[in-house]
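The values are calculated or read from the model by the stated rules, or taken from the named source; none is laboratory data. For clarity, every value in this text was computed on a predicted model and none was experimentally measured. Because the Cβ atoms are built from the backbone with ideal geometry, glycine has one as well, and the counts that use them run over all protein chains shown.
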Amino acid sequence: MESVFKPDILNGKTALITGGGSGICFEISTQFGKHGAAIAIMGRRRHVLDAAVDALRSQGIRAIGIEGDVRKQEDAVRVIEGTVKHFGRLDILVNGAAGNFLASPEDLSPNGFRTVLDIDSVGTYTMCHEALKYLKKGGLGKDPSSGGLILNISATLHYRAAWYQIHVSAAKAAVDSITRSLALEWGSDFDIRVNGIAPGLIEGTLGQQKLLPKEITETRKGLMPSVRLGEKWDIAMAALYLVSDAGKFVNGTTLIVDGGHWLSQPQYISKEEVKKISKIVEKKSRELTVGLPTSKL
């Protein structure tokens, strides 16, 4: 699909994207690159990084891939410093590295719970903490009058509740809290904007395959404001909005991009039944008011 943004809106910017070698975050990497940014992607699997970098470079995008685990502070430092050494600056940090699997609480070990929080929550904070000196106003390669941007990838699972996702829900709730806190403090002190995106079910991703396969989606028609699954492009366009000047007055917000799916709930009564009930109630109401004195109406 064709972008609605000008192709040069990120010219001169450098973006580091954790988890940027696959899924939603690879599309963000691609669209940031197509709109002028130099791209560094961080991940744990060398072959995934190499394939992603080759794909980006084939489109004329300046890109590098650096192995690292967001749970390890030394890796965060090394990847961030490697990005700055290669491109001369860091303007945008996207925290997209995440862990997810289905598990009921009684079958989920504390270690499994902790692992997801370490990747999603602690990893997000670690990357933000180590990137601060480059993102803050006056940091390396920065305009002394403005700072950089942080974008945290969240989810909608914890806004209500989700079956078999207690670990991920807790982790993403923490990510949303980190977004708000850093937006408040770092926005004030360092002129850094910090926002988030909470994607819904996105077609062609591992999350969609695990949480809501197409076969199940078909059975839920009529229960959701938008039946279709989202596309990776939808999330990338939202990301472009938040990191570009179009979103320059947005700070501390986690933007839900899910077609309204998080609002979904069973339709307990059909519209036809509602009409019938409404007519009965209206008829009884008229019967009760017939013959009453004017003072009683």
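Is it the case that the stretch 127-137 has a residue that's surrounded by fewer than 24 Cβ atoms within 10 Å (Cβ to Cβ), closer than 27 Å to A63 by Cα and modelled with pLDDT under 95? Yes. Residues of the stretch 125-147 being hydrophobic (A, V, I, L, M, F, W, C), part of a loop (DSSP other than H, G, I, E, B) and touching an Asp or Glu at 6+ places or on another chain (Cβ under 8 Å), which ones? Correct list: empty. Taking G196 as the residue in question, decide whether it is crowded, with 17+ Cβ neighbours inside 10 Å and touching a His at 6+ places or on another chain (Cβ under 6 Å). When the stated conditions are applied, G196 does not pass them. Filtering the stretch 25-32 for residues that are among the acidic types (D, E), buried (at least 18 other Cβ atoms within 10 Å of the Cβ) and touching a residue at least 12 places away in the same chain (Cβ under 8 Å) leaves a non-empty set. Is it true that K6 is charged (D, E, K, R), in a helix (DSSP H, G or I) and either over 21 Å from the mean Cα position of the chain (by Cα) or farther than 20 Å from N195 by Cβ (or both)? So K6 does not fit the description; no.
The requirement of being among the small types (G, A, S) and in contact with a Lys or Arg (Cβ under 8 Å, 6 or more places away or on another chain) is not satisfied by A52. Can you tell me which residues in the stretch 22-43 are modelled with pLDDT under 95 and part of a loop (DSSP other than H, G, I, E, B)? Scanning the stretch 22-43 gives a single hit, S22. Scanning the stretch 228-279 for residues that are within 23 Å of L182 (Cβ to Cβ) and either of a type in the set (K, R) or surrounded by 12 or more Cβ atoms within 10 Å (Cβ to Cβ) (or both) yields a count of 20.
I216 fulfils the conditions (1) modelled with pLDDT of 95 or more; (2) exposed (fewer than 13 other Cβ atoms within 10 Å of the Cβ); (3) not basic (K, R) except for a single criterion, (1).
Considering the stretch 32-88, and only residues there that are within 23 Å of the chain's Cα centre (by Cα) and of a type in the set (K, R), the residue that is nearest to D120 (Cα to Cα) turns out to be R71.
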